[in-house]
Each structure stands twice: as structure tokens, then as C-alpha cells.
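One structure below.
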Protein chains: 2
Amino acid sequence: MKLLLRLKFLGTDFCGWQFQPNARTVQKVLTDAARELLGTDCRITGCSRTDSGVHANDFAATLECGDGVCTIPPERLPAAFAVKLPHDVSVLSATPVAADFHPRYDVLYKEYIYRILLTPVPDPFLCGRVWHYPKRLLPDAEERMNACAAALVGRQDFASFMAAGSKIEDTVRCVKYCTVRREGDLLTLQIAADGFLYNMVRIIAGTLLLAGAGKLDADGMRKIIAAKDRAAAGATAPPEGLYLNKVVYSE
Amino acid sequence: MKLLLRLKFLGTDFCGWQFQPNARTVQKVLTDAARELLGTDCRITGCSRTDSGVHANDFAATLECGDGVCTIPPERLPAAFAVKLPHDVSVLSATPVAADFHPRYDVLYKEYIYRILLTPVPDPFLCGRVWHYPKRLLPDAEERMNACAAALVGRQDFASFMAAGSKIEDTVRCVKYCTVRREGDLLTLQIAADGFLYNMVRIIAGTLLLAGAGKLDADGMRKIIAAKDRAAAGATAPPEGLYLNKVVYSE
């Protein structure tokens, strides 16, 4: 039986999702807990990699038991995992899926959010959970950022928004929506696409901040996209503001 | 010059506010930072003690420089403290007050909130910041809890809601308001009073949960108050759900 798990994790103390030698990763912690719970080696496959310090409000992964039998009914798995897992990761649900389901290749689209805190002093409750950006933005930063964000929507080549050195060749992706909402001192970027390049959301966040500071307009954003050159875009925003927020599959 | 500081702190890694030998307390961390910043010993006096693990969205304290002169203009102090303080405490503002102002005795009223998370599995983002209570409450828990909470409002003897062993003799306090709000799986108790007895909010939170489980009604709550006996009330809820939320002085 193959199960689809929905997870939530606080990325601060994880070296990302993916197995790495001698590193605390979500995949490792989850695989160890599954072995303890089910008494057999399990294969856990994620919907994407995430970087150190990046969070997930909704991460999807499949669980396959070594001997094909899951001894705990799926609906009881979240509570069972809660006993074994550390406090910074939780399994929210577990549901059976078809044997050929793949948590990465079958994704229709994913949504990320990126949170930026604009207060002069940091907030103790948001440390490691937002990008604290104490510099002043323009009063109409939200509108300016949204004008630039809108230029990103559609099927386009996002080569300018991929970390230098990535080996991916096809850099065309389809962005469904990309908006910025300001609530008090908290700016939230919300972006969905059929796929994301390495560091794409963090580079977009860093570039949109230029618009909030009055240094970029929609025309400039279109030029950055057209350049297909990482050097044309803004700085890469730090990992702590980034959350994988939604993973959508066709039903 | 005496300054009134407004602070925010995440209580998880603090042994409360008050100085204690060999313990990391907010008062100590703040006093050390002030000495470094101002180059002189400073006296920092808080609006109340808090227990280990208890948080503050708004804590008030006065700062008096040893030699009476504060070398940094008050409006620049928050940013200056931000450089010296650890990530779990921030100074939000600093304003001059009269020499005879006392941050504890001049309080008109304080507001606390207590947050309870009702999900079956814990939330990684709320660990240490709510009381995770996975047992099922009644569908109308919010109404039942509010009926009992209303019985607490007014000038009354709250001896039943004081930790056993406290040496306070006058246990009469005036509760201004006490309400419970449910938003999704998060229950928030909000309570204001001219003063609080030791563990009062945590005992009230534990007692109101009995109402949410159908084990206590408003009549029962009035009997608990009348008993003036700690044993009559419910269990003491854990510290991690408690936040000092507002400290109000007369202008």
C-alpha cells in the first residue's frame, strides 16, 4: 500500500527535506519514525527538496512500507507519528493512493509564500520565521510590488530567477498567480506555479523588494525576465521567510 | 531620567522575568544589554514577575541609568537594544516618565491571553506557544466556557484561583472582562484585571476547559469562587499558553 502523507514542518533546525550524510533532515527524521512505528524499513518520497531553514505549512510525501503492508490504519497514522516525531514536524493526514502515484511528478501546482517583516526592531515571536527587513519601503510599496509581480504571471522563461550554477536546462515555467499583501508590518508574497527553479521564490522576493523601495517598475521587471540572466534580477532573499504552502494534485 | 520601556519576549528559553542566581532571566539579559549600551550600571524594574516559559506581547519596565544620564536619546534606544539583545526579547519603545512613576504599583490593569490548540496532532509552528490539548471538547465549548468566564467578572475574592502555598493575604481582585474566542482549532482566553494572584490565569484556563468538556456550568463556577479553596477549581494549565498581552497605566 502506498500512502500520501501531508506534513507541516518548522525548517529552522532542519538541513532541508532531502537525505544527506550526517545531517538532520525531515526525510531522515520521518523515515526513522516510520521504521520505529511500523517495525520495517519504509521508503519515503517527497514532493520537492527544500533548503535549510525553509518551512512547510503543507508538504506532501508518499510512504511505502518495506513489506508492502502498513500495520497501522492510515487514519491512525498522524496520532501515531505524533508520539515518535520531534516537535518541529507533524504528519497531518495519511491517505491511500494508487501504486503509480508520484508525489513529485504528479503535482499540478505548488504554492509558496514568502513573509517579510518591516518593523525597525525584530519580533521575538517571528525570529527565523520571516525575513526581518528594517529598511523603509515606500508608502505604496504593496501596489508597486504587485505591479511587478503581475509581470511574472504566465508561461515564461524564468532563467533570470534561477540560482547561478543550476544545471537545469528547461527554465520555462507557468506562474498561475503572484501577489503581495501587506498587513500592518508584514508583507506576504504568494506565488503558485507548475514548477519552481532553484531559489526562484527567494530571488523573486528579493527583486520585488526593489519595487517596494522605488527602484524597479513593471517595465523593469519585464526587462529582467527578458534578460534570461541571473545577474539582471535582485538579491536572493534568505531562507527563513519561505514556506511551501500548498501542494495540489489532480483528483 | 527614568524611561518606560515596552518589551516583547518569547518566554520559552527564559526562567521568567525576575533576577535569579545562575538563571537566564529577561531582567538579567536586559540589564546586561543596558550596561553595555550605556556604559554604566542601570536599574531595570518590571511591571510583574512572570514564570518560566510564559511569554509577553507587551511587558513594561522602567530603566534608570546609574548616573542619572541616558547617553542615547530614548527614541533611538529600541534600535540600539536590538543590536545587543538576543533574538527572543525586543525593546519596542522607550519614553520618559516622571521620577515617581512605578511600573508595578501604577498599573491600572493588565490583560493576559491564554491560547489552547485543540488539534489531534501538535502544530510545529505553535510548539511552546500554546497549550496543545488534543482531547475533544463539546461543539458548543466556546459558549459554555463564556458562560463560566462571565461569572468571574467583577470585584471578588479569587482565593480558589491562587496557587496553593502563596502567602498573599488579600485575594480580592477586580476582573474587568474575561472572554473565550474560538477561531478554528485555537481557543483564546482573554482576561483583564487590576491585579492577578499567583497562577490565577493558568488556573482559570484549566477550570474553563472543564466547562468546554461539559463538566462545569456557570452555577458550578460560582460555587468554585464561593469556596475560596484552591482544591475547588480545575488544574493549573501549563505556562507555554500564557501571554502578558497589555499593561495599562493612567495617562
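The values are calculated or read from the model by the stated rules, or taken from the named source; none is laboratory data. Just so it is clear, the model here is predicted, and its values are computed rather than measured. A quick note on method: Cβ atoms are made from the backbone with ideal geometry, for glycine too, and the neighbour counts reach across all protein chains shown. In case anyone asks, the SASA skips ligands and DNA or RNA and just uses the protein heavy atoms, side chains included. Shrake-Rupley method; radii C 1.70, N 1.55, O 1.52, S 1.80 Å.
Report the residue count in region B:67-85 for those that are among the β-branched types (Val, Ile, Thr) and within 9 Å of another protein chain (Cβ to nearest Cβ). Working first, answer last.
Step one: of region B:67-85, the residues among the β-branched types (Val, Ile, Thr) are B:69, B:71-72, B:83.
Okay, now just the ones that are also within 9 Å of another protein chain (Cβ to nearest Cβ), so none.
Total satisfying the criteria: 0.
Mind listing whichever residues of region A:5-27 are in contact with a Leu (Cβ under 8 Å, 6 or more places away or on another chain) and within 20 Å of B:Pro120 (Cβ to Cβ)?
A:Leu5, A:Arg6, A:Leu7, A:Lys8, listed by residue number.
Could you pull out the residue among B:Glu111, B:Glu142 that is more than 17 Å from the chain's Cα centre (by Cα), in contact (Cβ under 8 Å) with a residue 24 or more places away in the chain and either within 9 Å of chain A (Cβ to nearest Cβ) or farther than 22 Å from A:Pro78 by Cα (or both)? Working first, answer last.
Working: B:Glu111 fails: more than 17 Å from the chain's Cα centre (by Cα).
After applying the criteria, what remains is B:Glu142.
Filter region A:101-120 down to the residues that are modelled with pLDDT of 95 or more and in contact with a helix residue (DSSP H, G or I) (Cβ under 9 Å, 6 or more places away or on another chain), then identify the one that is surrounded by the most Cβ atoms within 10 Å (Cβ to Cβ).
Applying the filter and picking the extreme gives A:Tyr112.
Which residues, taken from region B:1-44, are within 14 Å of chain A (Cβ to nearest Cβ), open to solvent by 10 Å² or more (accessible area, probe 1.4 Å), over 16 Å from the mean Cα position of the chain (by Cα) and under 16 Å from B:Pro73 (Cα atoms)?
Of everything in region B:1-44, just one residue is within 14 Å of chain A (Cβ to nearest Cβ), open to solvent by 10 Å² or more (accessible area, probe 1.4 Å), over 16 Å from the mean Cα position of the chain (by Cα) and under 16 Å from B:Pro73 (Cα atoms), namely B:Leu37.
Restricting to region B:217-244, count the residues that are assigned to a loop (DSSP other than H, G, I, E, B), open to solvent by 60 Å² or more (accessible area, probe 1.4 Å) and at negative phi. Please lay out each step first, then the result.
If we filter region B:217-244 for residues that are assigned to a loop (DSSP other than H, G, I, E, B), which is where we start, we get B:217, B:228-229, B:233-238.
Still in the running and open to solvent by 60 Å² or more (accessible area, probe 1.4 Å): B:217, B:228-229, B:235.
Within this subset, residues satisfying the condition of being at negative phi are B:217, B:229, B:235.
Total satisfying the criteria: 3.
Return only the number of the condition from (1) in contact with an Asp or Glu (Cβ under 7 Å, 6 or more places away or on another chain); (2) acidic (Asp, Glu); (3) modelled with pLDDT under 95 that A:Asp13 does not satisfy.
Unmet condition: (3).
Which ones in region B:196-216 are farther than 18 Å from B:Arg230 by Cα and open to solvent by 10 Å² or more (accessible area, probe 1.4 Å)?
Once the filter is applied, which keeps residues that are farther than 18 Å from B:Arg230 by Cα and open to solvent by 10 Å² or more (accessible area, probe 1.4 Å), region B:196-216 yields B:Ala213, B:Gly214.
Tell me the strands (runs of 3 or more DSSP E) entirely within region B:128-195 that contain at least 2 residues that are open to solvent by 60 Å² or more (accessible area, probe 1.4 Å) and at negative phi. Quick ask: steps written out before the conclusion?
Working: elements: B:154-157, B:172-183, B:186-193.
Once the strands (runs of 3 or more DSSP E) in region B:128-195 are filtered for at least 2 residues that are open to solvent by 60 Å² or more (accessible area, probe 1.4 Å) and at negative phi, what remains is B:172-183.
Return the residues of region A:109-125 that are hydrophobic (A, V, I, L, M, F, W, C) and more than 22 Å from A:Asn199 (Cβ to Cβ); say none if nothing qualifies.
Across region A:109-125, the qualifying residues are A:Leu118, A:Val121, A:Phe125.
Conditions tested, residue by residue: (1) more than 10 Å from chain A (Cβ to nearest Cβ); (2) open to solvent by 20 Å² or more (accessible area, probe 1.4 Å); (3) closer than 24 Å to B:Tyr177 by Cβ; (4) within 24 Å of the chain's Cα centre (by Cα).
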residue: B:Cys65; (1), (2), (3), (4): yes, no, no, no
residue: B:His87; (1), (2), (3), (4): no, yes, no, yes
residue: B:Val91; (1), (2), (3), (4): no, no, no, yes
residue: B:Ala99; (1), (2), (3), (4): yes, yes, no, no
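Got a sec? Which of B:Val89, B:Val26, B:Val107 is under 30 Å from B:Val153 (Cβ atoms) and of a type in the set (Val, Ile, Thr)?
B:Val107 is the lone residue from the list that is under 30 Å from B:Val153 (Cβ atoms) and of a type in the set (Val, Ile, Thr).
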